[in-house]
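The values are calculated or read from the model by the stated rules, or taken from the named source; none is laboratory data. As the structure is a computational prediction, the values presented were derived from the model and not from experiment. Here the Cβ positions follow ideal geometry from the backbone for every residue, glycine too, while neighbour counts run over all protein chains shown. Surface accessibility is based on the protein's heavy atoms, side chains included, excluding ligands, DNA and RNA. Shrake-Rupley method; radii C 1.70, N 1.55, O 1.52, S 1.80 Å.
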Amino acid sequence: MDLFPDHTEPPMQIPVDGVYARVAIERGIDRMGGLTYLANDDVQVGQRVSVPVGRGNTATGGIVIETGGIELLEGFDPRKVKAVLDMSSTVLPEPLVELGRWMSTYYMCPLGMVFASIVPAAVKAQTGRRKRSMVERTGMVETDEFIKSLTPKARDAWEKISQLDRSSFPIEPRLLCARIEHKSVAAINKLIDAGMIQRVEKEIIVAPKAFELLDAGDSGTHTLTDDQSKVVQGISESLGTFSTHLLHGVTGSGKTEVYIKLIERVLASGKQAIVLVPEIALTPQTAGRFVKCFESVGVAILHSGLTRSARNQQWAAAASGDAKVVVGARSAVFAPFANTGIIIVDEEHDGSYKQDQLPRYNARDAAVKRGHIEGCPVVLGSATPSLESWANARAGRYSLWSLPNRVGVGRMPKVQIVNMALDDERVKASTKQGPKQDLAIGRTLAHEMATAIQAGGQVILLLNRRGFASVVVSTDKKCGWKLECDQCDSTMVVHRGCVRQQGGRRFVRCHHCQSEQVIPKQCPMTGKPVIELGIGTQQVEEEIVNRFGERLGLVLGETFERVDADTMKHAKDYFDVLDRFGKGELKLLLGTQMIAKGLDFPNVSLVGVLSADTALYLPDFRAEERTYQLVSQVAGRAGRGSVPGRVIVQTLNPGSAAITRAAKHDYVGFANDELNARRMANLPPTSRMVRIVVRDERNDEAHQRALKIAELLREVGDPRIFVVGPMPCSITRIANRYRWAIEMTCPSPKPMQDAMGHLRKQGLLKSDSHVAIDVDPIWLM
């Protein structure tokens, strides 16, 4: 007997032939190579796994980005390597993994955070997934003698079941009973006992219908025009290879029909299609058209109106191959397809394709990169293309296709610019509506509204500013006091009805941080009364009721509706309003840019733009471009049927190029002029831009950190990089955090990427809660 046994553990054998996986953790850990873990033999690249992180070994999700042997450890002691805790059934196709890597590098975002955006939260949580007991045929060969041994009901059930297509199985017993017209499952149980069918456990995702809110509108197919046929044939020649096509078609020119024909050809070749639309909640007719045309081959749809379980269900349908077409908003560019044949980006100019938080990607550009990775064509369509896409087409990097005419009986509407600086146009409010304030609807537009509605037509009015009034000020002009947010350097917006009231006192809301304040009864500086200035959609709603309600039969909620973020809380609210407008129940729609996109109602004879100057003087070099796009897009809602369309554009700047060119439907002229102006100022798309915003609760901290980053970029950057700043942002403080901006421009993006990458590797530059890195920014506020 050994009195002193050796308790020393034998040395651990190094698993030379073990399988290791590099995992991108879904946290802000900025390591492009991921963290390495010991894994099972069947681990796959793209698989979502759970791994231990930190001293506490906290279980954390991540995506496998590489697998291999001990060489992945790069000399690290194998005995200290932790093991993967769990492997899920969610596996991203390798092209998506490659896209994620590119996005992490290009948009300066931790790789794990990119993958956290690619896989929806509902998929990670497997929301709605349930186990169900089902039945399926066993394949047992029946004999006449065996059939005779069955009871009459079981025999009848089997005869009907044997005629069902195999794709009907597995199926829940009660659904099978309904299919074969049996009242109970007794006969089904007899067949189970006899071995003709068997019980199986199957996982399904229980979710409400995803398509019930979509209105297909005109869902039929049409004979292509010569212009459409030329586009379809030209783009079809590139199927199977990467290429980018810009389809410039006026509103109502039939771009959707072109998309449908291209998708049909892609599906016929055995491949899959991805269609991006700006916001499905705002383009139900366009999305519904795709669903109606391709529902038989399987369509998955992704939009903000879906429940979490429905989102999981639709994503699973795409991943399994049950869906051959995905239609969705920005995140649909990450559809889990393994055999993508075409990617279509409708309304490619739309700002909603750009995400304003990590990762700050543009889905249009990500779509082009995915097409490059997968070797398939990408089609960008718009009546008002972004200047970036237009410049690429002019330079020959994109193929340019044109649809210059509307299809069918529709004709481009006549546009009249009305100068609201003229006394003849302005209408003063009564004393009840505000002291000497001009009303929103001028004399010309008021006359045209009456003419259109009395003739049986419908009217759309656009004002891209919600709320009732945009500012509360003192009546003492010498005082200069205005009610500002105490957490942001911005004025408070007056809302009625949707912002709380208390004890007879009304509140205002900040549109940046959503904080609220009481409207004071008098100016805190002089004690004089305060007034509410500026016009929002709520105030126009009140004006319509007072001026036109009785005369034109406009009753809020019955014959006209206001459409903005305050009234349309859910996608269903918006769809219901559009349904009533399409049926002719509503005579007039008043709204923000929500009503400027993708609507096709042939009875709209008048569109009124109440203030075309809303975005024109924002401190942003894209202001003219956005103004042109908004006016042009909303004008395109008129004259789509046999009723001639008319558009009234109210403005204080009738000579603005953005407005005059939009009135002439002259996109090419506007784009060429604007490109020349950008070239002279060395602004995108002539150059490429990166904007870095440093945020902190202490102004001096934010400023000093921004100074250091700018100095480092100047030191390590290529001489071609032009660094401006740091400078205070246009809105210097949001949610109690001061903001300082640095802007870099360069003829090409690579030198800027190299400079930022150099600082990133040293831990001197990182996208986090204090530093926002925006590559190819579209907003500079």
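Would it be correct to say that residue 119 is in contact with a Pro (Cβ under 9 Å, 6 or more places away or on another chain), of a type outside the set (Ser, Thr, Tyr), open to solvent by 40 Å² or more (accessible area, probe 1.4 Å) and closer than 27 Å to residue 339 by Cβ? Judged against the criteria, residue 119 is not a match. Name the residue that is most open to solvent (accessible area, probe 1.4 Å), counting only residues in segment 739-752 that are assigned to a helix (DSSP H, G or I) and over 19 Å from residue 726 (Cα atoms). Step by step, filter segment 739-752, then rank; the result is 750. Figure legend. Inter-residue proximity from segment 737-751: first residues under 9 Å from residue 699 (Cα atoms), second residues in a helix (DSSP H, G or I) and open to solvent by 40 Å² or more (accessible area, probe 1.4 Å), beta-carbon distance below 9 Å, spacing 6+ or different chains. Indicated pairs: 738/699; 738/700; 738/701; 738/703; 740/699; 740/703; 740/705; 740/707. Checking 696, 613, 700 one by one, the residue that is in contact (Cβ under 8 Å) with a residue 60 or more places away in the chain and of a type in the set (Asp, Glu) is 696 and no other. If the condition is being among the basic types (Lys, Arg) and either in a helix (DSSP H, G or I) or crowded, with 17+ Cβ neighbours inside 10 Å (or both), then segment 659-671 contributes only 661. Applying the criterion of being out of contact with any strand residue (DSSP E or B) (no Cβ under 9 Å at 6 or more places or on another chain) and within 15 Å of residue 744 (Cα to Cα) to the residues of segment 672-685, the residue that is most open to solvent (accessible area, probe 1.4 Å) is 681.
Results for (1) modelled with pLDDT of 85 or more; (2) over 30 Å from residue 347 (Cα atoms); (3) of a type outside the set (A, V, I, L, M); (4) under 28 Å from the mean Cα position of the chain (by Cα), shown as yes or no for each residue.
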{"site": "384", "(1), (2), (3), (4)": "yes, no, yes, yes"}
{"site": "394", "(1), (2), (3), (4)": "yes, no, yes, yes"}
{"site": "408", "(1), (2), (3), (4)": "no, no, yes, no"}
{"site": "428", "(1), (2), (3), (4)": "no, yes, yes, no"}
{"site": "435", "(1), (2), (3), (4)": "no, yes, yes, no"}
{"site": "473", "(1), (2), (3), (4)": "no, yes, no, no"}
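Restricting 128, 34, 112 to those that are open to solvent by less than 40 Å² (accessible area, probe 1.4 Å), of a type in the set (Gly, Ala, Ser), touching a strand residue (DSSP E or B) at 6+ places or on another chain (Cβ under 7 Å) and within 20 Å of residue 357 (Cβ to Cβ) reduces the list to 112.
Within segment 700-726, the set of residues being in a strand (DSSP E or B) and either out of contact with any strand residue (DSSP E or B) (no Cβ under 9 Å at 6 or more places or on another chain) or within 15 Å of residue 773 (Cα to Cα) (or both) comprises 723, 724, 725, 726.
The residue that is most open to solvent (accessible area, probe 1.4 Å), among those in segment 291-341 that are under 14 Å from the mean Cα position of the chain (by Cα) and not hydrophobic (A, V, I, L, M, F, W, C), is 304.
Highlighted here are the strands (runs of 3 or more DSSP E) found entirely within segment 343-443 that include at least 2 residues which are over 27 Å from residue 247 (Cβ atoms): 414-419.
How many residues does segment 672-699 hold that are in a helix (DSSP H, G or I) and in contact with a helix residue (DSSP H, G or I) (Cβ under 9 Å, 6 or more places away or on another chain)? Residues flagged as in a helix (DSSP H, G or I) and in contact with a helix residue (DSSP H, G or I) (Cβ under 9 Å, 6 or more places away or on another chain) within segment 672-699 amount to 6.
Against the condition in a strand (DSSP E or B), buried (at least 16 other Cβ atoms within 10 Å of the Cβ) and modelled with pLDDT under 90, how does residue 87 come out, does it pass? Talk me through it step by step, then tell me what you get.
Values: in a strand (DSSP E or B): yes; buried (at least 16 other Cβ atoms within 10 Å of the Cβ): yes; modelled with pLDDT under 90: no.
Judged against the criteria, residue 87 is not a match.
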